[in-house]
Protein chains: 2
Amino acid sequence: MKILVTGATGFVGHYVVQWLVDHDYDVVATATSDEKAKKFAWYDSVKFVACDYYSEEKNFYEFFGEPDILIHLAWKGLPNYMMRFHLEENLPAEMRFLRSFAETRKTKIVITGTCYEYGVVNGCLSEDMPANPTTVYGVAKDTLRRYLSFLAGEYGFSWNWVRLFFLYGKGQSPKSLLPQLDAAIERGDTEFPMSGGEQLRDYLLVEKVAEYVCRIALQDAMSGVVNCCSGKMISVRQLVEERVSELGAEISLKLGVYGYPAYEGMAFWGDVSRLHEVIDDA
Amino acid sequence: MKILVTGATGFVGHYVVQWLVDHDYDVVATATSDEKAKKFAWYDSVKFVACDYYSEEKNFYEFFGEPDILIHLAWKGLPNYMMRFHLEENLPAEMRFLRSFAETRKTKIVITGTCYEYGVVNGCLSEDMPANPTTVYGVAKDTLRRYLSFLAGEYGFSWNWVRLFFLYGKGQSPKSLLPQLDAAIERGDTEFPMSGGEQLRDYLLVEKVAEYVCRIALQDAMSGVVNCCSGKMISVRQLVEERVSELGAEISLKLGVYGYPAYEGMAFWGDVSRLHEVIDDA
């Protein structure tokens, strides 16, 4: 069983590759930088192929050694959710890339989507709700998902679209909330400026996310969209307070410095019933 | 006031150009074929520019003489709603084309959308419902609409997205229902094979559609999406029977020969309250 992982050096990607290596799968890993890949413990246990698939047109299925499963995590330019390149550049490149595998009918295609496909909504979000994205990134991802389902209808391969919610863990972008908090604590700051913190979010540890992505990719029972999240909500304030307490730090939260983003609901979390059908101990 | 009309030789387009000429606007009309354009009465009253904007990259705003309003009706390859070229080829070309005008901030952009953006839904469809398209065409149009709204947010120009429902009238594609009926009557057929005919649809005469598109383009009060339809429902069977009766023909309807398309609801029509706000005698 050969598994191709794109975005292998990314936040989720390097955990996905490590999980697959730990479980003895034959892994082809790709990302743009070989240098970055070399820093990971799994580097010598996989076949790493540096490739910028956005700027190349080729038979990617053959180029990557005819994988049985594609776990496609790459997406350029994140976060920058409101920049037009998501639609203008990424989407056409992504369609070309997927077509390479779809046309062979031989590769299961598994792609990570985003809770931003749902749009500005509140409450428990289930996979069958109409997506109504309001960020450029969300629209591009949503359109790619619909495109994938058309390809699957035409060529008849299995696929999963794994919608990620909020993640945390080691290796996250320094611009994210918890890494910023950690940096502030490390600097010895006495105050941490943040939003009001009352928004309710669904957070999952990145190692768990990576494990679920792999196990969804490896199952055959269900094709289609699946939320990959905790199903539980936590206020951003509580998340931050728990981290402060975990680190035994003394820093006071300066709430309300930043506004809430207009492209997010105030309180939403994922319906995990489908995830639990696929992964019984999730 | 200079108005550029794309798709000028199409079913809606040639009526739009005629309406604008009749109302003394300065019209630049474009389509791929000069030969086809020459057949229309308006040809000598407009500046006609043959152009295949899908295959060219240029400053279209300058190329078309700096129009104040763009009425953009062109879209290649219709109907073929389930073919992938709508997303793979049309969408990137459409985005490039719109950007040319958007970046100048000088052109109001008016584009015809489709009831297929709503997806498989029933009842009265209003503009604020989340779009959930299930045809490739519908997804491509929906994505372009969202892209246009992002462009407008960034550059600050006025725009309208005019969602068309079902149309009839002279000049329609011979593959459409009523032209097929007319042809069967003309051939002297005794039977007309059709679907069950019980689906309820919102039909509007193409001259009315063209008039509304122009008047929406010319108003300044409302930016955004507007349904362009009758707001009334009629069964396809009744529509056909009325046409038979109008022509004084004798032909019996053979109902149930064709199935109902999977990508359409059984009974849907457009909410016209927003249309009525914009056009008081609609």
Options B:208, B:175: the member that is away from chain A (no Cβ under 14 Å) and assigned to a loop (DSSP other than H, G, I, E, B)
B:175
Give all pairs with beta carbons closer than 8 Å in which a residue from segment A:74-99 that is within 27 Å of residue A:157 (Cβ to Cβ) and more than 12 Å from chain B (Cβ to nearest Cβ) meets a residue that is at pLDDT 95 or above and surrounded by fewer than 17 Cβ atoms within 10 Å (Cβ to Cβ); count only pairs at least 6 apart in sequence or on separate chains.
A:76/A:85
Tally of residues being within 14 Å of chain B (Cβ to nearest Cβ) and either in a helix (DSSP H, G or I) or small (Gly, Ala, Ser) (or both) across segment A:130-168
21
Taking segment B:242-255, which residues are out of contact with any strand residue (DSSP E or B) (no Cβ under 7 Å at 6 or more places or on another chain) and surrounded by 13 or more Cβ atoms within 10 Å (Cβ to Cβ)?
B:243, B:244, B:247, B:249
Residue pairs meeting the criteria (Cβ under 6 Å; at least 6 apart or on separate chains; first modelled with pLDDT of 95 or more, in segment A:144-156; second among the aliphatic types (A, V, I, L, M))
A:146/B:139; A:147/A:95; A:147/B:87; A:150/B:136; A:151/A:102; A:155/A:102
Would a scan of segment A:215-231 turn up a residue that is over 30 Å from residue A:71 (Cα atoms), in contact with a helix residue (DSSP H, G or I) (Cβ under 8 Å, 6 or more places away or on another chain) and in a loop (DSSP other than H, G, I, E, B)?
no
Among the residues of segment B:239-271, write down those that are of a type outside the set (A, V, I, L, M), under 26 Å from residue B:119 (Cβ atoms) and touching a residue at least 40 places away in the same chain (Cβ under 8 Å).
B:256, B:258, B:259, B:260, B:263, B:264, B:265, B:268, B:269, B:270, B:271
Is it fair to say residue B:175 is over 30 Å from residue A:97 (Cβ atoms), charged (D, E, K, R) and touching a Ser or Thr at 6+ places or on another chain (Cβ under 6 Å)?
no
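The values are calculated or read from the model by the stated rules, or taken from the named source; none is laboratory data. The shown structure was predicted, so the numbers you read here are calculated from the model rather than taken from an experiment. Every residue, glycine among them, receives a Cβ derived from its backbone with ideal geometry; neighbour counts consider all protein chains shown.
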